[in-house]
1. Working carefully through the options G148, G173, G191, find the one that is under 11 Å from the mean Cα position of the chain (by Cα), among the small types (G, A, S) and surrounded by 15 or more Cβ atoms within 10 Å (Cβ to Cβ).
2. Among the residues of region 244-256, are any farther than 22 Å from M229 by Cβ and open to solvent by less than 60 Å² (accessible area, probe 1.4 Å)?
3. Considering every residue within region 115-134, establish whether at least one is open to solvent by 40 Å² or more (accessible area, probe 1.4 Å), touching a Pro at 6+ places or on another chain (Cβ under 7 Å) and under 30 Å from P56 (Cβ atoms).
4. Looking at (1) at pLDDT 85 or above; (2) open to solvent by less than 40 Å² (accessible area, probe 1.4 Å), can you tell me which one I29 breaks?
5. Any chance you could count how many residues in region 308-360 are over 17 Å from L188 (Cα atoms), in contact with a helix residue (DSSP H, G or I) (Cβ under 6 Å, 6 or more places away or on another chain) and not β-branched (V, I, T)?
6. Any chance region 87-101 includes a residue that's open to solvent by 40 Å² or more (accessible area, probe 1.4 Å), of a type in the set (D, E) and on the phi < 0 side of the Ramachandran plot?
7. Identify all residues within region 81-92 that are more than 23 Å from V135 (Cβ to Cβ) and either outside any loop (DSSP other than H, G, I, E, B) or in contact (Cβ under 8 Å) with a residue 24 or more places away in the chain (or both); write none if there are none.
Amino acid sequence: MKNYLLLLWIAAICLCVSGCSNYRELNQIGVIIGMGIDENKNSEEPYKVTYQIINPSGLSQGSSTGGQGLPVINYTVTAKTLVEALKKASVVIPREHITSHLSLIIIGEKLARNDLSLLFDALDRGKQARTSIPVFIARDGTAEKLLGVIEPFEVTPVKSILSTSQNNQKMYGIVSNVQGYEVISMLLSEGKDLSLPGININKPSQKAEEAGNLENTSPSAMQVKGLAMFRKGKLVRWLDGDEARSVQLVTSEVKSTALVFPCNINENITVTATGIKSKIKTKIRRGQPFIHTDLNVMGEITETSCQKDLSNPKVLKELEKEVQKELQKEIKKTIHIAQKEKADIFGFGDSLSRTNPSYWRQYKQNWENLFSSAKISMNVNVSIVNTGMRTNPYEVN
């Protein structure tokens, strides 16, 4: 009986002390969901940092109680370091601000062209640091400007950027999201240079940062804009379209894409690729690095204006060879661009360090020059497994 009463007392005490001791209402704190980092003209305070904070009152506008203002509020400060900027933000943010829900980091292009080498130290060093945050480059503009856009389709600019980039990776494959810890890893790597997705405003206007942007059937909105190529932590070039996609194909980051190739004068064929796998091989021949890539693509014909008999296996084989030829041409062109810039964004050096560690230890300090002159070979295998619901295109008289 005594044991029974003791257990009851323990249970009662636990009920009294249980719960979140540090619990606070959303309207008592400033939840930072996005951070933009730009170059500041004042060299004494080289960073201009913009914080995007949730406005609980604005988020509740769709409820029966109504709300006030926009769903997010931006605050911008200048500082010597990122940690100082976060502390300094307290002079303009009226609530205690927290970064535990930070979902996005945008870096202005001017800052990216200077040097990103130690920019992420604060993310990795702090006790409450979190490095699983996607990082983007504000192409042809500033992070502050991007975070100020009133988004027509998503609740916040942060959500729009993340959704757009994820949708692109899923459907077309020009870019893929890169997390903060991956950025740090590539900046520290001796065998792989950094590449980051670009983002900008598709139709810049004065109303982009006003509620009036929502009253336009063709409003300003976020768009994925190329792949930023870095060398030793500095942005050196942008890759667009097929060039950007070629990087993702070689690194196996493409989930699905549309491959469009000419089959006659003013006639094209579209192959939707879904099964994409690549493999990088590196060897040493006569003291020089030799790089080989294998790319296997499986897809189906989803559109064509070519008058070809797609029920004929020989015709399909010819088309597969044409697609292979064009893909090989596109990827080799992109690799040559990277070699010209001495930026190994594919990670060929990382592969070489694993297959030939002794050679790598001896020559890794000179890898950018060795990479720029390395011999490249490629094998592309394309399999067309389906021609859709029709075997031939319809003819218009």
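1. G173
2. yes
3. There is no residue in region 115-134 that is open to solvent by 40 Å² or more (accessible area, probe 1.4 Å), touching a Pro at 6+ places or on another chain (Cβ under 7 Å) and under 30 Å from P56 (Cβ atoms).
4. Result: I29 fails condition (1) only.
5. 4
6. Scanning region 87-101, I find at least one residue that is open to solvent by 40 Å² or more (accessible area, probe 1.4 Å), of a type in the set (D, E) and on the phi < 0 side of the Ramachandran plot, so the answer is yes.
7. S90, V91, listed by residue number.
Condition check ((1) closer than 21 Å to L259 by Cα; (2) hydroxyl-bearing (S, T, Y); (3) crowded, with 16+ Cβ neighbours inside 10 Å) across all residues:
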| site | (1), (2), (3) |
| --- | --- |
| E320 | yes, no, yes |
| V323 | yes, no, yes |
| E326 | yes, no, yes |
| E330 | yes, no, yes |
| T334 | yes, yes, yes |
| F348 | no, no, yes |
| S351 | no, yes, yes |
| Y363 | no, yes, yes |
| E368 | no, no, yes |
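The values are calculated or read from the model by the stated rules, or taken from the named source; none is laboratory data. Predicted, not measured: the structure shown is a model, and the values here were computed from it. Counting neighbours? That spans all protein chains shown, and the Cβs are built from the backbone with ideal geometry, glycine included. Just the protein is used for accessible areas: all its heavy atoms, side chains included, with ligands, DNA and RNA removed. Shrake-Rupley method; radii C 1.70, N 1.55, O 1.52, S 1.80 Å.
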